[in-house]
Amino acid sequence: MYKHVLISTDGSEVAQKGVDQGLALAKALGAQVTLITVTEPFPVYASAAGGWVPTEMGNYDEIQKEFADRVLGLAKAEADKAGVAAKTLHVPNSPPAEAIIETAKSQGVDVIVMASHGRRGLGRLILGSQTSEVLSHAPVPVLVVR
């Protein structure tokens, strides 16, 4: 059935539910796993003059890489403990849904597993929904864990 599972995590408590379910699915099927985390581009804000001005960049990329390494390290340790073959992937400076979809295509995965906060109404509209975007555009089935 599924031989390669893509599991998305941002290190949050909600995302951990997706990691747990994804690893359990992979273990049950004897599938390999790619664990992915995506860090978004450095935020920019519109200036009063109408142009785009970057905010203080400092060591943003370094901080994001350290965060990704920590998140993926914890998920990889869980995969190892469960006896699931897993590799990790950090995609920097990208919108999460876009990176997840592109990785699913380029890595030849059979299913994507990700968690959803389950927001509805105005909260979903304001915050957007990476999960919803992946569901709409993914080239493979998506298992959403709540």
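The values are calculated or read from the model by the stated rules, or taken from the named source; none is laboratory data. Nothing here was measured: the structure is a model prediction, and the numbers come from that model. Reconstructed Cβ throughout: ideal geometry from the backbone, glycine too, with neighbour counts over all protein chains shown. To get the accessible areas, we keep the full protein, side chains included, count just its heavy atoms, and leave off ligands, DNA and RNA. Shrake-Rupley method; radii C 1.70, N 1.55, O 1.52, S 1.80 Å.
Evaluate segment 30-49: report whether one residue or more is over 29 Å from residue 136 (Cβ atoms), at pLDDT below 95 and either in a helix (DSSP H, G or I) or open to solvent by 80 Å² or more (accessible area, probe 1.4 Å) (or both). Scanning segment 30-49 turns up at least one residue that is over 29 Å from residue 136 (Cβ atoms), at pLDDT below 95 and either in a helix (DSSP H, G or I) or open to solvent by 80 Å² or more (accessible area, probe 1.4 Å) (or both). For segment 1-28, the tally of residues that are open to solvent by 70 Å² or more (accessible area, probe 1.4 Å) and not in a loop (DSSP other than H, G, I, E, B) stands at 6. Here residue 70 meets the list (1) modelled with pLDDT of 90 or more; (2) over 14 Å from residue 5 (Cβ atoms); (3) open to solvent by less than 80 Å² (accessible area, probe 1.4 Å) almost entirely, failing just condition (3).
Looking only at segment 106-146, count how many residues are modelled with pLDDT under 95 and either farther than 19 Å from residue 14 by Cβ or surrounded by fewer than 16 Cβ atoms within 10 Å (Cβ to Cβ) (or both). Matching residues across segment 106-146 total 15. If you go through segment 81-88 one residue at a time, do you hit one that is open to solvent by less than 70 Å² (accessible area, probe 1.4 Å) and at pLDDT below 95? Looking through segment 81-88, none of the residues is open to solvent by less than 70 Å² (accessible area, probe 1.4 Å) and at pLDDT below 95.
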